[in-house]
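Visitor: Here it is, the structure in full.
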Amino acid sequence: MRGHDDVRDDRIYLENPDLPLVLRTLFRARVVGFASGTRIYQFLPPRPPRLHYSVFTCTPEAVLRFTDVGLDYLAALLLTPEVPVDELIAANLRFTAAQRGDSDSFLQASGRELAQLLRADYGRLTGILRRCV
């Protein structure tokens, strides 16, 4: 079976009802923080998240609330296995800067945090920072 350029999204499943039976999506998430009551923490929660919870993009308010407590979560992202970590961090910083609305000051603070975390790897640091613009 060959795809057609004009067949997209939901229409693909309408034209190929067997796709959900033969395709599978693998999703992995990295927990970098949690909320308890009104407090935000940027480390692992005492218990793992429940299975089969829905995943959604954070609202700008949630992003602001999470990153207002600091940037400690970047250390956890740097240790993420099996993904292109530098690309992940750059994408996270671009998304977060856009959601916060203060992209210049946020990216400067993030750059300082990453400079501390990657002080022994200048090449890697500059590679990540170049991807943040």
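The values are calculated or read from the model by the stated rules, or taken from the named source; none is laboratory data. Source: prediction; values computed, not measured. Cβ coordinates were reconstructed from backbone atoms using ideal geometry, including for glycine residues, and neighbour counts include every protein chain displayed.
Visitor: In the range 11-36, what residues are under 22 Å from residue 75 (Cα atoms) and either of a type in the set (A, V, I, L, M) or surrounded by 12 or more Cβ atoms within 10 Å (Cβ to Cβ) (or both)?
Guide: So in the range 11-36, the residues under 22 Å from residue 75 (Cα atoms) come out as 27-36.
Listed by number, the residues that qualify are 29, 30, 31, 32, 33, 34, 35.
Visitor: For the range 37-74, how many residues are in a loop (DSSP other than H, G, I, E, B) and surrounded by fewer than 10 Cβ atoms within 10 Å (Cβ to Cβ)? Explain how you work it out, then say what you get.
Guide: First, the residues of the range 37-74 that are in a loop (DSSP other than H, G, I, E, B): 37-38, 42-59, 69-72.
Add one more test, that the residue is surrounded by fewer than 10 Cβ atoms within 10 Å (Cβ to Cβ), and what stays is 37-38, 46-48, 50-57.
Summing the residues that are in a loop (DSSP other than H, G, I, E, B) and surrounded by fewer than 10 Cβ atoms within 10 Å (Cβ to Cβ) in the range 37-74 gives 13.
Visitor: Follow-up. So which residues in the range 75-96 are surrounded by 11 or more Cβ atoms within 10 Å (Cβ to Cβ) and over 19 Å from residue 40 (Cα atoms), if there are any at all? Lay out the reasoning, then the answer.
Guide: From the range 75-96, those surrounded by 11 or more Cβ atoms within 10 Å (Cβ to Cβ) are 75-78, 80, 83, 85-96; that's our starting set.
Listed by number, the residues that qualify are 78, 80, 83, 85, 86, 87, 88, 89, 90, 91, 94, 95.
Visitor: I need every pair where a residue in the range 52-63 that is more than 22 Å from residue 26 (Cβ to Cβ) has its Cβ under 6 Å from the Cβ of a residue that is β-branched (Val, Ile, Thr) and at pLDDT 85 or above, sequence separation at least 6 or different chains.
Guide: Every condition considered, the pairs that remain are 63/96.
Visitor: Name the residues in the range 34-50 that are aliphatic (A, V, I, L, M) and touching a helix residue (DSSP H, G or I) at 6+ places or on another chain (Cβ under 6 Å), would you? Walk me through it before giving the result.
Guide: Within the range 34-50, the first condition is being aliphatic (A, V, I, L, M), and the residues that meet it are 35, 40, 44.
Selection gives 40 alone.
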